[in-house]
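Participant: Once you've had a glance at the structure underneath, I'll fire off some questions.
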Amino acid sequence: MGKWNKKFSAMLVLCLALVVGLTACGGSKSADNTDNGAGDAAEKVTVNFGFWGTAQDLEIYQKAADTISEQYPEIELKIKQYPSSEQFWNTLPGEIAAGVAPDFIKMSNEGAYEYINKGLFSPIDDLVQTTGVDMSRFPDTSKKIWNVDGKQYGVPNSDMPAMFFINEQMWKDAGLGEYPTTWDEVIEAAKVLNKGDVKGMIVNLDAFHITNYVKSFGGGWGNGATINSPENVKALEMIIDMYDQGLAVTPKSLGFGWDGEVFSNEQGAMSTGGYWYKGYLKDANPDLKMVAIPVPKGTTNGSTMSSDAYMVLKDAKNKEAALKAAYYMTNDDTQTAFMELGFNPAVSSLSEQYFEKNPEFKALQPALEYSTDYGYPTDTKRFTDELVKELEGLILGGSGKTAQQILDDIQSQFK
């Protein structure tokens, strides 16, 4: 999950004011290498791409940099890897001021809204028209995540709905039948699975997990406008009730850092989570058999979509070239390589292959149609910190507050 550096906010406006964007033109092809007319190869434009990720990510991106001239002869693509997202956000203001910031980056939607609203990124609608990139390659649900106030900001790269995980062996040993589709069914199953040191439910008091609960009741944060909605209150009341009944455990109370550790140590039978469970469990507990299904229904089908996209910085020296390079990153070869690492491509023609390669996630395919953005307020980190603090104060600290009081108190800070 993403983290954000609050020091960045104070410097952003100044930094953006120091840099003047340059523009240039060039021909384009589609990301799957259909020729739309290339520019003069002699007129090279250097585009810098910044990302934080693994060595495997870097290898894939470097190959893209080595082959981009096959589609865009006028572009030279340079890759810069940052050690972490924190390092990136700490470094970026100085790079903007010095005129050496990347032209485009890849980032997660969990924290993107904050930076879009601070003016860091350039909307790409007009650039799409002048460069001829084919945004129809991406599903509407993916594009919508990166659309703010009617403007498109991101070229979608990958997306995956949140999931609900079940320890398959525990489920079978308990003699339970069909897997749950509603929270009522989950709670009844948790009562059976709750044995000895094992809790039926793992409820990580973290914004990602809580957001999935509220979405399953038709709620959401509304970018700060609907924090204390009746739907959100109902979701929190259910979580609190699971703790009151002794059915749920939070990782912190067991000395773990996150829900995956509780699940892998088989101290909890069920949990909300994400596609990253697969890679983690492969090392942490390769013998554990998991079942992945959509987030259960409260009153509706609802869950978050974890998505990342390529974003053109507002101060990019050549925005058209930057968008072309970003679009090139979604070509079939690059997307297939990321698919091998567990990412579902945000390209309609490739997504079906992802579920064939990852059959354990096949049940999640319908959730691609209804999963949505996180909807956090602009001051994202302050909101998520406050939400966690209030919930831990109740569950772990015995504050005595009700769900309504918790959300009313938070709402008052984000009017």
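The values are calculated or read from the model by the stated rules, or taken from the named source; none is laboratory data. Computed from a prediction, not measured in an experiment: that's the story for all the values here. Glycine gets a Cβ as well: all are built from the backbone with ideal geometry, and neighbour counts include every protein chain shown. Note: areas computed on protein heavy atoms with side chains; ligands, DNA, RNA excluded. Shrake-Rupley method; radii C 1.70, N 1.55, O 1.52, S 1.80 Å.
Participant: Quick check: residue separation of Thr46 and Gln365 times 0.36 nm, minus the Cα distance between them. What number comes out in nm?
Facilitator: Stretched fully, the Thr46-Gln365 segment lengthens by 111.0 nm.
Participant: Helix-only estimate, please: 222 nm mean residue ellipticity of the chain, summing -39500 (n - 2.57) across DSSP H runs of length 4 or more and dividing by its residues, to the nearest 500.
Facilitator: Mean residue ellipticity, 222 nm, calculated: -12000 deg cm²/dmol.
Participant: In nm, what is the difference between 0.36 nm times the number of residues separating Asp149 and Glu352 and their Cα-Cα distance?
Facilitator: 70.0 nm is the gain from fully extending Asp149 to Glu352.
Participant: Now, a different point. What is the dipole size for the chain, taken about its Cα centre, with +1 at each Lys and Arg Cβ and -1 at each Asp and Glu Cβ, in debye to the nearest 20?
Facilitator: 740 debye
Participant: Can you list, bin by bin at 5 Å, the percent of alpha carbon pairs in the range 123-230, starting at 0?
Facilitator: Per 5 Å bin, starting at 0, the Cα pair percentages come out as 2, 8, 15, 15, 13, 12, 10, 9, 6, 5, 3, 1, 0.
Participant: Give me the percent of accessible area attributable to carbon and sulfur for the range 128-267, probe 1.4 angstrom.
Facilitator: 44 percent
Participant: May I pose another question? Listed here are the pairs Lys234/Lys297; Lys106/Lys314; Lys44/Lys317; Lys151/Lys381; Lys314/Lys381; which of them are more than 19 Å apart at the Cα?
Facilitator: In this structure, Lys151/Lys381; Lys314/Lys381 exceed 19 Å between Cα atoms.
Participant: Of the listed peptides 403-412, 82-91, 261-270, what is their order by residue-averaged count of other C-beta atoms within 10 Å, with the highest listed first?
Facilitator: 261-270, 403-412, 82-91
Participant: Please report the antiparallel percentage of the DSSP beta bridges confined to the chain, to the nearest 5.
Facilitator: 60 percent
Participant: Using the basic label-point model (7 angstrom from Cα toward the beta carbon), what is the Thr181 to Tyr280 distance in nanometres?
Facilitator: Distance between the two pseudo-spin positions: 2.8 nm.
Participant: Report, largest value first, the span of the C-alpha coordinates of the chain along each principal axis, in whole Å.
Facilitator: Ordered largest first, the chain gives principal extents of 71, 45, 33 Å.
Participant: Putting +1 on Lys and Arg Cβ atoms and -1 on Asp and Glu Cβ atoms, find which of Phe355, Ile406, Leu323 reaches farthest to the positive end of the dipole of the range 289-415.
Facilitator: Of the candidates, Ile406 comes out farthest on the positive side.
Participant: Can you list the residues, at least 5 places off or on another chain, whose amide H is less than 5 Å from the amide H of Lys314, using H built in the peptide plane?
Facilitator: Hits under the 5 Å cutoff: Phe121, Ser122.
Participant: In whole Å, what is the distance between the alpha-carbon centres of the range 50-79 and the range 215-233?
Facilitator: When both Cα centres are located, 40 Å separates them.
Participant: To the nearest whole percent, what portion of all C-alpha pairs in the range 177-328 is separated by more than 18 angstrom?
Facilitator: 63 percent
Participant: Quick check: pseudo-label points 7 Å beyond the Cα along Cα→Cβ at Glu168 and Asn117, how many nm apart are they?
Facilitator: With each label point 7 Å from Cα toward Cβ, the separation is 4.3 nm.
Participant: Then there is this: For Lys191 and Ser136, what does the FRET efficiency come to when R0 = 60 Å and r is the distance between their Cβ atoms, rounded to the nearest 0.05?
Facilitator: Computed FRET efficiency for Lys191 and Ser136 comes out at 0.80.
Participant: Applying 1/(1 + (r/R0)^6) with R0 = 56 Å to the Cβ-Cβ distance of Glu392 and Thr336, what FRET efficiency is obtained, to the nearest 0.05?
Facilitator: Here the calculated transfer efficiency is 0.85.
Participant: While we're looking at this one, here's another question. Would any residue of the range 386-406 have its amide N under 12 Å from a label point 7 Å out along Cα→Cβ of Asp244? List them or say none.
Facilitator: Answer for the range 386-406: 400-404.
Participant: What does the charge dipole of the range 71-182 about its Cα centre add up to, to the nearest 20 debye, if the Cβ of each Lys and Arg holds +1 and the Cβ of each Asp and Glu holds -1?
Facilitator: 80 debye
Participant: Among all the aspartates and glutamates, which ones have a C-alpha under 12 Å from Lys215's C-alpha, if same-chain residues fewer than 8 places away are not counted?
Facilitator: By straight Cα distance, Lys215 reaches Glu231, Asp373.
Participant: Might you tell me the accessible area per residue for the chain, computed with a 1.4 Å probe and given in Å²?
Facilitator: That works out to 41 Å² for each residue.
Participant: Output the direction-averaged projected area (hull surface divided by four) of the convex hull of the alpha-carbon atoms of the range 223-293, in nm².
Facilitator: One quarter of the hull surface, i.e. the mean projection, equals 6.3 nm².
Participant: Moving to a separate point now. Using +1 on the beta carbon of Lys and Arg, -1 on that of Asp and Glu, and nothing else charged, what's the dipole of the range 205-329 about the Cα centre, debye to 20?
Facilitator: It works out to roughly 560 debye.
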